[in-house]
1. State yes or no: is Arg30 farther than 26 Å from Ala185 by Cβ, outside the structural domain of Leu187 (by TED's automatic domain parsing), basic (Lys, Arg) and modelled with pLDDT of 85 or more?
2. Residues of the range 180-194 being in a helix (DSSP H, G or I) and either in contact with a helix residue (DSSP H, G or I) (Cβ under 9 Å, 6 or more places away or on another chain) or not hydrophobic (A, V, I, L, M, F, W, C) (or both), which ones?
3. Taking the condition at pLDDT 85 or above, in contact with a Leu (Cβ under 9 Å, 6 or more places away or on another chain) and surrounded by 11 or more Cβ atoms within 10 Å (Cβ to Cβ), does Val179 pass?
4. List the number of the failed condition for Ile145; all other conditions in (1) more than 16 Å from Val113 (Cβ to Cβ); (2) in a helix (DSSP H, G or I) hold.
5. Inspect all residues belonging to the range 148-160 and state whether any of them is more than 24 Å from Ser50 (Cα to Cα), touching a residue at least 12 places away in the same chain (Cβ under 8 Å) and of a type in the set (D, E, K, R).
6. Taking Met114 as the residue in question, decide whether it is closer than 20 Å to Leu177 by Cα and aliphatic (A, V, I, L, M).
7. Right, Ser28: surrounded by fewer than 15 Cβ atoms within 10 Å (Cβ to Cβ), within 18 Å of Val83 (Cα to Cα) and free of Cβ contacts under 8 Å to residues at least 12 places away in the same chain or not?
8. Do we have any residue at all in the range 1-17 that's at pLDDT 80 or above, loosely packed, with under 14 Cβ neighbours inside 10 Å and not hydrophobic (A, V, I, L, M, F, W, C)?
Amino acid sequence: MAHEYVASREAYERTTQIMSSKVSIPVSERYNATYGAKDIHHALTALAVSNGYAESGMSKLALDAPTSDVPSGSWVRDAVESVEEAEMRAMVEDALQSTVDEVRRFGVLRMPVMAALDKHKMPRQDGDTDRGHLTRGKHERGTTIYETYGSVQCVEEGMRAQVACEHVGLFDENSELVVKLLTKARLEGVRVSLLLLDREFFSCK
């Protein structure tokens, strides 16, 4: 399992490098600042992997990490909230593009691949339902309000990579989401030989 750990660590660090160069989140640059740009991106990558909230996710990381020098959830949240949503989305899309380019450098995605299309519901605690993209659903993790994303990921063994992501609007149909994501994947030069879909897509046009 050692080689898997090394590969995961390398991918984690490379993701942090890409995010640091493409996603600019203002943090203190003073010489005596406790945390900096690398720390915010390490924290965000860890939260993305665990699908956790800032406070609970960073508290868990502080217990699991080999070092006790882990920023607080409030520090992470305050740093992210200083960036406008539209600007953040544009930067993250640029980072995804760079990740696909990086994967392609290793010869991945040259041939048609098996891919999976999924929808990801992210629980939201702020209660803001007037922004055109938040929906209601079953009670989970203390809320019934969700933000939804769709993604296409290469699921070939040894070639896992996300190649497209789309914000799902309040009135978006599943059929529209499939078209948008496959179009994005194709524009990235990714050819799909077999597309795996969740059950909720079986009845779409």
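The values are calculated or read from the model by the stated rules, or taken from the named source; none is laboratory data. Predicted model only: the values in this text are computed from it and were never measured. Note that we place each Cβ from the backbone using ideal geometry, even for glycine, and neighbour counts take in every protein chain shown.
1. Details: farther than 26 Å from Ala185 by Cβ: yes; outside the structural domain of Leu187 (by TED's automatic domain parsing): yes; basic (Lys, Arg): yes; modelled with pLDDT of 85 or more: no.
Taking the combined requirement at face value, the residue does not satisfy it.
2. Kept after step one, since they are in a helix (DSSP H, G or I), are these residues of the range 180-194: 180-187.
Correct list: Lys180, Thr183, Lys184, Arg186.
3. Numbers: at pLDDT 85 or above: yes; in contact with a Leu (Cβ under 9 Å, 6 or more places away or on another chain): no; surrounded by 11 or more Cβ atoms within 10 Å (Cβ to Cβ): yes.
Here the answer is no, as Val179 does not meet what is asked.
4. Failed condition: (2).
5. Applying the first criterion (more than 24 Å from Ser50 (Cα to Cα)) to the range 148-160 yields none.
No, the range 148-160 contains no residue that is more than 24 Å from Ser50 (Cα to Cα), touching a residue at least 12 places away in the same chain (Cβ under 8 Å) and of a type in the set (D, E, K, R).
6. Numbers: closer than 20 Å to Leu177 by Cα: yes; aliphatic (A, V, I, L, M): yes.
Against the criterion (closer than 20 Å to Leu177 by Cα and aliphatic (A, V, I, L, M)), Met114 qualifies.
7. Numbers: surrounded by fewer than 15 Cβ atoms within 10 Å (Cβ to Cβ): yes; within 18 Å of Val83 (Cα to Cα): yes; free of Cβ contacts under 8 Å to residues at least 12 places away in the same chain: yes.
So Ser28 fits the description; yes.
8. So in the range 1-17, the residues at pLDDT 80 or above come out as none.
Looking through the range 1-17, none of the residues is at pLDDT 80 or above, loosely packed, with under 14 Cβ neighbours inside 10 Å and not hydrophobic (A, V, I, L, M, F, W, C).
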